[in-house]
Amino acid sequence: MKCTLCSSPAVISLKRDGARLCQDHFISYFEAKVQETVLSGGMIEEKERIAVAVSGGKDSTALLFCLYRLLSGREVELVALTIDEGIAGYRDDTIQAAKAIARQLGVEQHVVSFREEYGSSLDRMVLGKRVAPCTYCGVFRKHALNRAARALGADKIATGHNLDDEAQTVMMNYLKGDLERLMRLRPQRVQKGLVPRIKPLRMMPEKEIALYCMLNGIFFQSRECPYASLSLRAEVRDMMNSLESQSPGTKLSLVEGFEKLALRTKGDWAQMDLAACRKCGEPCVEESCKACQLLEEIK
């Protein structure tokens, strides 16, 4: 199989575009698509400090590597921010991978642990609890990321959410009939104390991200989080993968359909003003944020 653009051997066949690409042309294609997403969304401006959430998995590794290449020569500073949830037999390896890619690129890195921030690892938090581990992890990760990014003077937080993640999130909210929460995926304005988030990889499929990592020699084979299979997202992921296999382009169509819906309903769900948590000072809707509420339950 030859590359559509040259005579070199192709490494991938893009079904949605009908093209076959060699290593060099795929890397160029991948980075051009990410750059298009960044530019069209006005995600990064000159002289900004971007905190890149780097877990050590393939998505965040690709994110840091790609942004480093795309922003070379621009007045933009990248800083890697790694959250250590404290998951035995899983997190230690990925944290080493996160440190390795930051060191390779010469990017400043900061590691924040649940144990230091909340006095306990995720493993101990969920011991004997009925609440799904992903609930604790999601809440505390967002809380820790925002606190750390603000302390570092970051203008934005870049996360490695990909097309698969976006499609799963949209579908999960459709299944729950929660349009209000769905529309929160596209916040319209900056809130005090809340560092804005950007998703440069949101239109890139997970498989293409993995290939990008491998071709650039930055691929890290990691185990899946032991708690992942306990979440609704795992079931939705399997469903979406099955649909994508039968009808290529389903995930992209779902996300693009949501974007059209968001434009048509713009203003129907006004963005709620956030207050400051009376305990930790983080932005929240109620008197205390979800992280502080969970900490009370744990105690």
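The values are calculated or read from the model by the stated rules, or taken from the named source; none is laboratory data. As the structure is a prediction and not an experimental result, all values here were calculated from the model. Backbone-built Cβ (ideal geometry, glycine too); neighbour counts: all protein chains shown. The accessibility values were calculated without ligands, DNA or RNA, using every heavy atom of the protein model including side chains. Shrake-Rupley method; radii C 1.70, N 1.55, O 1.52, S 1.80 Å.
Screening the candidates Ser231, Ser288 for the property of being farther than 29 Å from Lys58 by Cβ and open to solvent by less than 30 Å² (accessible area, probe 1.4 Å) yields one hit, Ser288. Just one residue in the set Ala158, Ala167, Ala144 is closer than 20 Å to Val236 by Cα, touching a helix residue (DSSP H, G or I) at 6+ places or on another chain (Cβ under 7 Å) and of a type in the set (Gly, Ala, Ser); that residue is Ala167.
Whether any residue in the stretch 135-144 is open to solvent by less than 30 Å² (accessible area, probe 1.4 Å) and of a type in the set (Ser, Thr, Tyr) is what I want to check. Checked the stretch 135-144: at least one residue is open to solvent by less than 30 Å² (accessible area, probe 1.4 Å) and of a type in the set (Ser, Thr, Tyr).
Checking every residue in the stretch 213-229 against the condition of being in a helix (DSSP H, G or I) and of a type in the set (Asp, Glu) gives zero matches.
A quick yes/no check of all residues on (1) assigned to a loop (DSSP other than H, G, I, E, B); (2) under 25 Å from Glu117 (Cβ atoms); (3) in contact (Cβ under 8 Å) with a residue 40 or more places away in the chain; (4) open to solvent by 20 Å² or more (accessible area, probe 1.4 Å):
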{"residue": "Arg147", "(1), (2), (3), (4)": "no, yes, yes, yes"}
{"residue": "Ala154", "(1), (2), (3), (4)": "yes, yes, yes, no"}
{"residue": "Gln168", "(1), (2), (3), (4)": "no, no, yes, no"}
{"residue": "Met171", "(1), (2), (3), (4)": "no, no, yes, yes"}
{"residue": "Leu175", "(1), (2), (3), (4)": "no, no, yes, yes"}
{"residue": "Leu182", "(1), (2), (3), (4)": "no, no, yes, no"}
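Just one of (1) in contact with a Pro (Cβ under 8 Å, 6 or more places away or on another chain); (2) within 28 Å of Thr135 (Cβ to Cβ) fails for Ile83. It is (1). Right, Ile298: β-branched (Val, Ile, Thr), touching a Ser or Thr at 6+ places or on another chain (Cβ under 8 Å) and open to solvent by 30 Å² or more (accessible area, probe 1.4 Å) or not? Criteria met by Ile298. Scanning the stretch 235-243 for residues that are assigned to a helix (DSSP H, G or I), open to solvent by 80 Å² or more (accessible area, probe 1.4 Å) and at pLDDT 90 or above turns up at least one hit. Residue pairs whose Cβ atoms lie under 7 Å apart, sitting 6 or more positions apart in sequence or on different chains, and linking a residue in the stretch 98-119 that is in a strand (DSSP E or B) to a partner that is open to solvent by 20 Å² or more (accessible area, probe 1.4 Å) and of a type in the set (A, V, I, L, M, F, W, C), are His110/Leu152.
If you filter the stretch 15-57 down to residues that are free of Cβ contacts under 8 Å to residues at least 24 places away in the same chain, outside any loop (DSSP other than H, G, I, E, B) and not charged (D, E, K, R), you find that the one that is surrounded by the most Cβ atoms within 10 Å (Cβ to Cβ) is Leu21. Would you mind stating whether Gly217 is open to solvent by 20 Å² or more (accessible area, probe 1.4 Å), farther than 15 Å from Ala262 by Cβ, in contact with a Pro (Cβ under 9 Å, 6 or more places away or on another chain) and of a type in the set (Gly, Ala, Ser)? No: the conditions fail for Gly217. Residues in the stretch 244-266 that are open to solvent by less than 70 Å² (accessible area, probe 1.4 Å) and in contact with a Lys or Arg (Cβ under 7 Å, 6 or more places away or on another chain): Glu244, Gly249, Leu252, Ala262.
Selection over the stretch 58-91 of residues that are part of a helix (DSSP H, G or I), open to solvent by 60 Å² or more (accessible area, probe 1.4 Å) and not basic (Lys, Arg) gives a count of 1.
Please count how many residues of the stretch 249-267 are outside any helix (DSSP H, G or I) and either among the β-branched types (Val, Ile, Thr) or farther than 20 Å from His161 by Cα (or both). Quick ask: steps written out before the conclusion?
At the first step, the residues of the stretch 249-267 found to be outside any helix (DSSP H, G or I) are 249, 265-267.
Going one step further and asking which of them are either among the β-branched types (Val, Ile, Thr) or farther than 20 Å from His161 by Cα (or both), we end up with 265-267.
The total comes to 3.
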